[in-house]
Amino acid sequence: MTWPRRAGVLLHPTSLPGPHGIGDLGVAAHRWLETLADAGLGLWQLLPLGPTGYGDSPYQVFSAFAGNPLLLAVEGDGDATLPTRRADFARVLAHKRPLIARAAQAALHDATRREAFDAFREASRDWLPDFALFMALKDAHGGAPWHAWPREYALRDASALANASRRLAGSIARIEAEQFLFATQWRALREAAAARGVQLMGDVPIYVAHDSADVWTHRHLFRLHPDGRLRVQAGVPPDYFSATGQLWGNPLYDWEAVRADGYAWWIARLRAAFAQFDIVRLDHFRGFAAYWEVAGDATTAADGQWQPGPGAAFFDAVHAALGPVPIVAENLGVITPDVEALREHGGYPGMCVLQFAFAPGEGALRPYAFPPHAVAYTGTHDNDTIVGWWSGAEASTQDAAAATAERAFAARYLDVRDAPKHWAMIRAAFASACHTAIVPWQDVLGLGSSARMNQPGRAEGNWAFRFAWDDVPDDAVARLRELATTYDRNAAGEPAVER
């Protein structure tokens, strides 16, 4: 597969400016595409777009197929706005949900949209009815997770679900209309991106939330107790940064059942992702080679064990069904040879992060060694901003002396002197041999740690970053365009890099 030499920006739509306390798919998103095009950048990377649940995390969503209604561009009445500099999701939900419901009702009664709405429902028949019923039942049970519902609903008794579908028909129709509006607005945004030469890169987490329509509908694909509780759960083992590891709470797949089903659910999931995006980043790629299994009732991830993932057979099935798809493998952290072998088997580029490139010792991959078939980042959504990283607010090592040495080496390597450090790091990403370079928007704006998107291990306060157009330095777009041109990444059509 051919990967052009290009550059892009990582920014989730929730971070865009907008009148309702959260970014959306409307005017600001289209202006954002114009900004990228003006900067000569041909790639916009986003986080998962599903309806968020626990912790407002886009990595814990109620469906792997549905869109987040909070991202809908809607109209308010008069003063019906919620201007905030950070996304307060509880306030956003209370403020925006009535506006979304009104927009959905209008769509339901709009005769000019009936044919398009019916076509959307037909095209989405494999997931939309179950998702709409799931959300309607969830609302009817005060937001409780599905495994806490009455047994007949939790375990999907056919008669009970048929009765619920009739009783909740109004709510189900509204939820389907919300998804129709999301699909309509997203399609318009994607068409606008294509017209400006900007490709969209989405994100597919390996795991789905326990409290999701996916698990509720396809329980046989997950390792659960008969009543729906977790038999085992996902996480990562203890390491230098965490004595007890990370406990994620996601159900683990029964990979034998997934394989026996012809990988149908996963193939449908990836087919839907590639219908939305031009490129897909697979989060926690190492879990396809081997994953950390922890007991369902564990309170830490310390007592777990490695289990083999689906391996090459999974990706062979994906390629057989979908063809050679453009996947980026998230291969960060301690990656073993079997993980890299699996990545190479699929022909997928991995990721190289500059914030990890200057640690003392021989373990760090220096920028001069970044491979061409990879994506260079200054940082990811889980990293501190460049400015925050330089300040040492959260060192990539726990030893203060080593952290100081790390920054000093980075300054010497990049020859920052009096130059703004964040632009020196951005230049290094653009100058790398990697065919793709991506920079979080916070780094372009030169913002500190308070603007970081996520801090792993912190339960609250994540995902809330937003910017205003006034935050963008006057020279930012021109500087990006200069770097894109200097390092042969301008989206005007540069020679491609053959793997």
(request) Step through the residues of region 187-196 one at a time and calculate ³J(HN,Hα) from phi using the Karplus curve (6.51 cos²θ - 1.76 cosθ + 1.60, θ = phi - 60°), rounding each to whole Hz and writing x for Gly and Pro. (result) 4, 5, 5, 5, 5, 5, 5, 4, 5, 9
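Is region 259-350 rounded, prolate or oblate when judged by the Cα gyration tensor, a ≥ b ≥ c being the square roots of its eigenvalues, rounded requiring a/c under 1.5 and prolate requiring a/b larger than b/c?
Details: a/c = 1.88, a/b = 1.53, b/c = 1.23.
Prolate, since a/c reaches 1.5 and a/b exceeds b/c.
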(request) For region 276-412, just the Cα atoms, rotate onto the principal axes and tell me the three extents in Å, largest first. (result) 49, 41, 30
(request) Rank by packing, highest mean first: peptides 164-173, 133-142, 184-193, with packing defined as the count of other Cβ atoms within 10 Å averaged across residues. (result) 133-142, 184-193, 164-173
(request) For region 139-211 and region 364-383, write down the distance between their C-alpha centroids in whole Å. (result) 35 Å
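Before anything else, pin down the relative contact order of region 41-90: Cα pairs under 8 Å, at least 6 apart, normalised by residue count, whole percent. Please report the intermediate quantities before stating the final value.
Values: 37 pairs, mean separation 12.7, N = 50.
Averaging sequence separation for qualifying contacts and normalising by length gives 25 percent for region 41-90.
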(message) If the only charges are +1 at each Lys and Arg Cβ and -1 at each Asp and Glu Cβ, what is the size of the charge dipole of region 427-499 around the Cα centre, to the nearest 20 debye?
(response) 260 debye
(request) Classify region 35-154 as rounded, prolate or oblate from the Cα gyration tensor: take a ≥ b ≥ c as the square roots of its eigenvalues, call it rounded if a/c is under 1.5, otherwise prolate when a/b beats b/c and oblate if not. (result) rounded
(message) Net charge within 11 Å of Phe117 by Cβ-Cβ distance, Lys/Arg positive one each and Asp/Glu negative one each, not counting Phe117 itself?
(response) -2
(message) Under a crude label model (7 Å from the Cα following the beta-carbon direction), how far is Ala169 from Asp399 in nanometres?
(response) 7.0 nm
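Near His147, within a Cβ-to-Cβ distance under 15 Å, what is the net charge of the other residues, with Lys and Arg +1 and Asp and Glu -1? Mind showing how you got there, number by number?
Numbers: positive: Lys138, Arg151, Arg156, Arg219, Arg223, Arg229, Arg231; negative: Glu152, Asp157, Asp211, Asp214, Asp227, Asp297.
After counting each charged neighbour, the total is +1.
How much net charge surrounds Ser159 when only other residues with a Cβ under 14 Å from its Cβ are counted (Lys, Arg +1; Asp, Glu -1)? List each step's numbers first, then the result.
Numbers: positive: Arg151, Arg156, Arg166, Arg167; negative: Glu152, Asp157.
Counting the neighbours of Ser159, the net charge comes to +2.
Just to be sure I understand: of the beta bridges DSSP finds with both ends in the chain, what percent are antiparallel, rounded to 5?
Numbers: 20 of 46 bridges.
Among the beta bridges of the chain, antiparallel pairing accounts for roughly 45 percent.
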(request) Run the 1.4 Å probe and let me know the accessible area of Tyr413, rounded to the nearest 10 Å². (result) 80 Å²
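Can you give me the relative contact order of the chain as a percent, contacts being Cα pairs under 8 Å and 6 or more apart? Walk me through the numbers on the way to the answer.
Details: 892 pairs, mean separation 105.6, N = 499.
It rounds to 21 percent for the chain.
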(request) Using a 1.4 angstrom probe on the protein heavy atoms only, line up Glu293, Glu344, Glu482 by accessible area, largest first. (result) Glu482, Glu344, Glu293
(request) Compute the Cα gyration tensor for region 1-102, then decide on rounded, prolate or oblate, letting a ≥ b ≥ c be the square roots of its eigenvalues: rounded whenever a/c is under 1.5, prolate when a/b is larger than b/c in the other cases, and oblate in all that remain. (result) oblate
(request) Identify which of the listed values of Cα extents along the principal axes in Å was calculated from the structure shown: (1) 70, 55, 41; (2) 89, 58, 46; (3) 72, 54, 46. (result) (1)
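Provide the per residue accessible area, probe 1.4 Å, for region 158-307, rounded to a whole number of square angstrom. Before the final figure, lay out each step's value.
Details: 5920 Å² over 150 residues.
On a per-residue basis, region 158-307 sits at 39 Å².
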(request) Please give the per residue accessible area of region 25-80, computed with a probe of 1.4 Å over protein heavy atoms only, in Å². (result) 33 Å²
(request) On each of the three principal axes of the Cα atoms of region 101-160, give max minus min coordinate, whole Å, ordered largest first. (result) 41, 24, 17
(request) Would you grab the residues whose amide H sits under 5 Å from the one on Asp283? Only those 5+ places off in sequence or on another chain, please, with H modelled 1.01 Å from N. (result) Val204, Ile206
(message) Can you list residues from other chains, or at least 5 along the same chain, whose modelled amide H is less than 5 Å from the amide H of Ala491?
(response) Leu41, Gly42
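When only C-alpha pairs under 8 Å and at least 6 residues apart count, what is the relative contact order of region 79-181, in percent? Show your work: numbers first, answer last.
Numbers: 56 pairs, mean separation 39.9, N = 103.
Worked out over region 79-181, it gives 39 percent.
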(request) Distance between Cα centroids, region 92-113 to region 292-360: provide it in whole Å. (result) 40 Å
(message) Heavy atoms of the protein only, probe of 1.4 Å, neighbouring chains included. What is the accessible area of Ser57 in Å², nearest 10?
(response) 20 Å²
(request) Roll a 1.4 Å probe over the protein heavy atoms and report the accessible area of Thr300 in Å², nearest 10. (result) 50 Å²
(request) With a 1.4 Å probe and every protein chain kept in, tell me what percent of the accessible surface of the chain is carbon plus sulfur. (result) 53 percent
(request) Determine the distance separating the Cα centre of region 24-80 from the Cα centre of region 229-288; give it in Å without decimals. (result) 23 Å
(message) If packing is taken as the average number of other Cβ atoms within 10 Å across a peptide's residues, how do 280-288, 399-407, 444-452 rank, most packed first?
(response) 280-288, 444-452, 399-407
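The values are calculated or read from the model by the stated rules, or taken from the named source; none is laboratory data. Because the structure is predicted, anything quoted here is derived from the model rather than measured. Methodologically, a virtual Cβ is constructed for each residue, glycine included, from the backbone with ideal geometry; neighbour enumeration extends over all protein chains shown. Side chains included, ligands, DNA and RNA excluded: accessible areas come from the protein's heavy atoms. Shrake-Rupley method; radii C 1.70, N 1.55, O 1.52, S 1.80 Å.
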